[in-house]
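The values are calculated or read from the model by the stated rules, or taken from the named source; none is laboratory data. Worth saying up front: this structure is predicted, and the values here are computed from it rather than measured. FYI the Cβ positions are ideal-geometry reconstructions off the backbone, even for glycines, and counts take in every protein chain you see. The area values use the complete protein model at the heavy-atom level, side chains included, leaving out ligands, DNA and RNA. Shrake-Rupley method; radii C 1.70, N 1.55, O 1.52, S 1.80 Å.
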Amino acid sequence: FQDDLKRLLAYSTIAQLGYIFLGLGVGALGAPMATRGAVLHILMHACAKTTLFLTVGVIAYATGTRSISKLSGLAKTMPIAAVAFFVGAFGLTGIPPLACFWSKMYVLAGALQVPGAFGPLVLVLVLIESLITFAWFLWVGQRVFFGKPSAGAAPSPASMNWVLIAMILATALMPLAG
């Protein structure tokens, strides 16, 4: 179990890079739509993950810790950070219509263009991984933002909230640019 929120997000980047390489690999098998999805996933992942990392930065600044086990109930003192975390998490896991939904959809549609059993296998594995990622993001979000508030949880500064609001909008609207 990884207790450091920032480190946990960094580890999750490995899975997201896997999507990019999977899309490129499927594209090399003759599915250009998967290649488009891989390239789009670079942009979408960057947007959603930036939202998450900035949220963790706000949490660390306001509480003095990134330890999941020491954080709880932060939605009461940092509602914008809570919204930013869940928008980033939902965007990263591919909840429509947020950022990574579209890039993952292209990769999956491309996988189905590959003849044989490989395409459906890719589809099933990606959907399972997305569900697992969604579940652990929900668990972390519930642990950090709900429940009895942690001692010493100060509200986040307004300047940080404006940056989070901008990233919430970017994660929601970036698919329009892609």
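Of a type in the set (Phe, Trp, Tyr), over 21 Å from Val124 (Cα atoms) and part of a loop (DSSP other than H, G, I, E, B), is that true of Phe1? Break it down stepwise before answering.
Working: of a type in the set (Phe, Trp, Tyr): yes; over 21 Å from Val124 (Cα atoms): yes; part of a loop (DSSP other than H, G, I, E, B): yes.
Yes; evaluated as a whole, the condition is true for this residue.
Looking at segment 107-120, can you tell me whether even one residue there is out of contact with any Ser or Thr (no Cβ under 8 Å at 6 or more places or on another chain), open to solvent by less than 60 Å² (accessible area, probe 1.4 Å), part of a loop (DSSP other than H, G, I, E, B) and not small (Gly, Ala, Ser)?
yes
If a residue must be open to solvent by 70 Å² or more (accessible area, probe 1.4 Å), closer than 25 Å to Gln16 by Cα and over 19 Å from the mean Cα position of the chain (by Cα), how many such residues does segment 121-160 contain?
Within segment 121-160, residues that are open to solvent by 70 Å² or more (accessible area, probe 1.4 Å), closer than 25 Å to Gln16 by Cα and over 19 Å from the mean Cα position of the chain (by Cα) number 2.
Kindly indicate whether Pro97 is closer than 16 Å to Leu169 by Cα and outside any helix (DSSP H, G or I). Reasoning before the result, please.
Details: closer than 16 Å to Leu169 by Cα: yes; outside any helix (DSSP H, G or I): yes.
Taking the combined requirement at face value, the residue satisfies it.
Limited to segment 25-41, what total is found for residues that are more than 12 Å from the chain's Cα centre (by Cα) and within 24 Å of Phe134 (Cβ to Cβ)?
First, pick out the residues of segment 25-41 that are more than 12 Å from the chain's Cα centre (by Cα): 25-40.
Among the residues that remain, those that are also within 24 Å of Phe134 (Cβ to Cβ) are: 25-26, 33-34, 36-40.
Here the count works out to 9.
What number goes with the only condition from (1) surrounded by 17 or more Cβ atoms within 10 Å (Cβ to Cβ); (2) modelled with pLDDT of 95 or more; (3) not aromatic (Phe, Trp, Tyr) that Ala99 does not pass?
Tallying (1) surrounded by 17 or more Cβ atoms within 10 Å (Cβ to Cβ); (2) modelled with pLDDT of 95 or more; (3) not aromatic (Phe, Trp, Tyr), Ala99 fails exactly one: (2).
Which one is farthest from Lys70 (Cα to Cα) among residues in segment 161-173 that are of a type outside the set (Phe, Trp, Tyr) and either open to solvent by 50 Å² or more (accessible area, probe 1.4 Å) or free of Cβ contacts under 8 Å to residues at least 40 places away in the same chain (or both)? Working first, answer last.
Start the filter on segment 161-173 by keeping residues that are of a type outside the set (Phe, Trp, Tyr), which leaves 161, 163-173.
Still in the list and also either open to solvent by 50 Å² or more (accessible area, probe 1.4 Å) or free of Cβ contacts under 8 Å to residues at least 40 places away in the same chain (or both): 163, 165-166, 169, 173.
On the way: Val163: 25, Ile165: 25, Ala166: 28, Leu169: 29, Leu173: 33 Å.
Ranking the candidates gives Leu173 first.
From the list Gly30, Gly23, Gly88, Gly73, which one is part of a loop (DSSP other than H, G, I, E, B), open to solvent by less than 10 Å² (accessible area, probe 1.4 Å) and of a type in the set (Gly, Ala, Ser)? Walk me through how you get there before you give the answer.
Numbers: Gly30 fails: open to solvent by less than 10 Å² (accessible area, probe 1.4 Å); Gly23 fails: part of a loop (DSSP other than H, G, I, E, B); Gly88 fails: part of a loop (DSSP other than H, G, I, E, B).
Matching residue, one of Gly30, Gly23, Gly88, Gly73: Gly73.
Please determine whether any residue of segment 54-70 is surrounded by fewer than 24 Cβ atoms within 10 Å (Cβ to Cβ), touching a Pro at 6+ places or on another chain (Cβ under 9 Å) and aromatic (Phe, Trp, Tyr).
Taking every residue of segment 54-70 in turn, at least one turns out to be surrounded by fewer than 24 Cβ atoms within 10 Å (Cβ to Cβ), touching a Pro at 6+ places or on another chain (Cβ under 9 Å) and aromatic (Phe, Trp, Tyr).
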